[in-house]
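The values are calculated or read from the model by the stated rules, or taken from the named source; none is laboratory data. No experiment lies behind these values; they were computed from the predicted model shown. Cβ placement follows ideal geometry from the backbone for every residue including glycine, while neighbour counts extend to all protein chains displayed.
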Amino acid sequence: MGDFHEIRLDLHRESIYLSGEIATEESTVEYWIEIAVFAGKVGILVGGLLVILIGLALLVSRKQQERQEHLEVQDLNEKLRSYTNLLKSAIFTKREWKDEAKKQKKEFKEKEKLTESRPRLFVLDFEGDIKAAEVDRLRHEISIVLNVAQPHDEAVVRVESAGGMVHSYGLAAAQLLRLRQHNIPLTICVDKIAASGGYLMACTANKIVAAPFAIVGSIGVLAQVPNFHRLLKKHDVDYEEITSGEYKRTVSLMGEITPKGREKFAEQITDTHRLFKDFVSKCRPQLNLEQVGTGEHWFGERAIALNLVDELATSDEFLMSQMAHKQIYHLELAEKKSLSEKLSEALKGGAANAGASALRSLLKNWGI
């Protein structure tokens, strides 16, 4: 009898244990169902966001061609005054700053009466690549200046270029000549380099101002053409080039370069060089082209003795020297940045800051 009760009790305990195990399994199933439902909701939300982002990306890509340019105008006199006052407010005593403020207020009232009669100086920038890609922006900026310039106004173009394609830089130089043709005195400032096509642009100016170690000159023409004809012939690869006209193709990447074709190509290069020198001679008749038209370049300190430049100074120093009697405006025709570009810049900036922070932390841990 006692044994029977023990067996019943054992069975009862096992039943209780099994019931708890079943309850635990049911809770686990419910838990995973909830996770699956939550994951499904998140997936739907993420998918919806992706669809919206893709739609926006397509919309932005379509609008790329319709992006509008806007003109940014900066008063350089006011910019310098603001920065100068910021420094003065930090280093002056309260009394000194109060006296300075009174002095500037008086000067401002006097200048306000003269602002309309002060000549204006328009500053443009040109940073050239091999294709002179910025010429399109430059042409529009010059057109804007021509539409607002008054007698006694002047223009400054800060040129930085090592040259490039002849036709592209020829157009850039022609755009600068428009200023002179409308009797607007033009000054070209060269802080780093204006060589070859860059000097073709610079020579259009009434005055060339270069930094002491700026590179100028390189009045020459260069053409380099690789040729794979022998390599193709070695591997039994045929290449046919069909032209109409004796000199339609003088040299070729794949075809055989004949002595006659090579001679004609050299003749074209020589003629281009002659045109280059003739253009420079018309713009700067004081130059000795036999001396400087050799393709060589010079630093500013040497270039001034050769009449390649007229004055040694940085663009900053030149502009500061003009501020006393001119109102100086910097013009830049810029495209409005797209949403994708703004996001890209923000991400790059965040990544750069994070990287710098991590590096500082690492160096600190190393005791550097």
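Applying the selection to the stretch 218-248, what residues are outside any loop (DSSP other than H, G, I, E, B) and free of Cβ contacts under 8 Å to residues at least 24 places away in the same chain?
The initial filter retains those residues of the stretch 218-248 that are outside any loop (DSSP other than H, G, I, E, B), namely 229-234.
Of everything in the stretch 218-248, those that are outside any loop (DSSP other than H, G, I, E, B) and free of Cβ contacts under 8 Å to residues at least 24 places away in the same chain turn out to be Arg230, Leu231, Leu232, Lys233, Lys234.
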Within the stretch 37-93, of all residues that are within 30 Å of Ser315 (Cβ to Cβ), among the β-branched types (Val, Ile, Thr) and surrounded by 10 or more Cβ atoms within 10 Å (Cβ to Cβ), the one modelled with the highest pLDDT is Val73
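Select from the stretch 207-217 the residues that are in a strand (DSSP E or B) and touching an Asp or Glu at 6+ places or on another chain (Cβ under 7 Å) and list them in ascending order.
Result: Lys207, Ile208, Val209, Gly217.
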Requiring at least 3 residues that are hydroxyl-bearing (Ser, Thr, Tyr), at pLDDT 60 or above and farther than 18 Å from Val216 by Cα, the helices (runs of 4 or more DSSP H) wholly within the stretch 277-368 are 339-365
Residue within the stretch 256-270 that is of a type outside the set (Lys, Arg), part of a loop (DSSP other than H, G, I, E, B), in contact (Cβ under 8 Å) with a residue 12 or more places away in the chain and farther than 24 Å from Asp316 by Cα present
yes
Could you tell me whether the stretch 201-217 includes any residue that is touching a residue at least 40 places away in the same chain (Cβ under 8 Å), buried (at least 24 other Cβ atoms within 10 Å of the Cβ) and touching a His at 6+ places or on another chain (Cβ under 6 Å)?
yes
*Kindly establish whether Gly261 is over 28 Å from the mean Cα position of the chain (by Cα), under 30 Å from Val225 (Cα atoms), at pLDDT 90 or above and small (Gly, Ala, Ser).*
no
* Just wondering, is there one or more residues in the stretch 218-232 that are surrounded by 12 or more Cβ atoms within 10 Å (Cβ to Cβ) and among the charged types (D, E, K, R)? -> no
- Task: Restrict the check to the stretch 148-157 and report whether at least one residue is surrounded by fewer than 22 Cβ atoms within 10 Å (Cβ to Cβ), in contact with a helix residue (DSSP H, G or I) (Cβ under 8 Å, 6 or more places away or on another chain) and aliphatic (A, V, I, L, M).
- Result: no
Going through the stretch 111-143 in order, the residues found to be assigned to a helix (DSSP H, G or I) and touching a strand residue (DSSP E or B) at 6+ places or on another chain (Cβ under 7 Å) are Thr115, Arg137, Leu138, His140, Glu141
Over the stretch 150-169, the set of residues in contact (Cβ under 8 Å) with a residue 60 or more places away in the chain and of a type outside the set (D, E, K, R) is Val156, Val166
Among the residues of the stretch 170-181, is there at least one that is in contact with a helix residue (DSSP H, G or I) (Cβ under 9 Å, 6 or more places away or on another chain), more than 20 Å from Arg139 (Cβ to Cβ) and surrounded by 16 or more Cβ atoms within 10 Å (Cβ to Cβ)? no
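Yes/no per residue for (1) within 16 Å of Thr272 (Cα to Cα); (2) assigned to a helix (DSSP H, G or I):
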| site | (1), (2) |
| --- | --- |
| Glu160 | no, no |
| Gly164 | yes, no |
| His167 | yes, yes |
| Ala173 | yes, yes |
| Asn183 | no, no |
| Thr187 | no, no |
| Ala205 | no, no |
By residue number, the members of the stretch 189-203 that are in a helix (DSSP H, G or I), under 15 Å from Asp310 (Cβ atoms) and touching a Gly at 6+ places or on another chain (Cβ under 9 Å) are Tyr199
Is there a residue in the stretch 188-198 that is farther than 12 Å from Glu127 by Cα and surrounded by fewer than 20 Cβ atoms within 10 Å (Cβ to Cβ)?
no
